[in-house]
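Take a look at the structure below.
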Amino acid sequence: MTRAWTLPVLLALCGALAASGPAAKGSPGTAVAVLLVFLALAALNSPLVFPRSIGAQEARRRSEADGRPIVFWRPGCTYCMRLRLRLGRDARRMHWVNIWRDPAGAAAVRAANDGNETVPTVVVAGRPHTNPAPSWVREQLPPSA
């Protein structure tokens with residue numbers, strides 16, 4: 001779990017350090033702006049941006065029952081963030097598995113990607129798709145009830 005928060009914490013600390021320069025020179029507005037930029041980057045790279053993760057086994061079980069895709073992701077991945085942000089509210093209609101928290105999820109991704117942990121890997125109807133276009137993923141969602 002600590003690995004998931006490493007990048008956000010480093011970004012927040014770097015922001016505080018970068019903001020200390022303008023603050024020491026008497027530019028509090030610039031310091032606040034710099035700090036806010038780094039905090040926004042930290043928030044975007046945190047696990048908080050993504051829907052709640054579940055284990056790979058539970059995701060498979062739920063996907064078989066409701067037909068929703070499974071998204072294997074990891075914090076700090078820009079392609080995962082792109083997929084999540086482009087999907088908007090539709091992201092909540094999928095099952096998300098954080099491969100840094102779930103060894104079975106990481107193994108499933110490696111099996112689908114020639115031994116590499118390439119994410120996002122989206123599983124639709126049992127077939128993995130590596131880094132698919134967000135529009136394609138949205139089309140794979142079952143109609144909402």
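Values for this structure:
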item: Residue in segment 89-105 that is farthest from THR6 (Cα to Cα), counting only those that are touching a strand residue (DSSP E or B) at 6+ places or on another chain (Cβ under 7 Å) and aliphatic (A, V, I, L, M); result: MET94
item: Of the criteria (1) under 15 Å from the mean Cα position of the chain (by Cα); (2) surrounded by 14 or more Cβ atoms within 10 Å (Cβ to Cβ), which one LEU141 fails; result: (1)
item: Restricting segment 83-99 to residues that are of a type outside the set (S, T, N, Q) and farther than 18 Å from VAL124 by Cβ, the residue that is surrounded by the fewest Cβ atoms within 10 Å (Cβ to Cβ); result: ARG89
item: Selected residue (criterion: farthest from ARG82 (Cα to Cα)) from residues of segment 24-40 that are surrounded by fewer than 17 Cβ atoms within 10 Å (Cβ to Cβ) and aliphatic (A, V, I, L, M); result: ALA24
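Where a number appears in this text, it was derived from the coordinates with a stated rule and is not lab data. Quantities reported herein were computed from a predicted structural model and do not represent experimental measurements. Please note: Cβ atoms are built from the backbone with ideal geometry, for glycine as well, and neighbour counts cover all protein chains shown.
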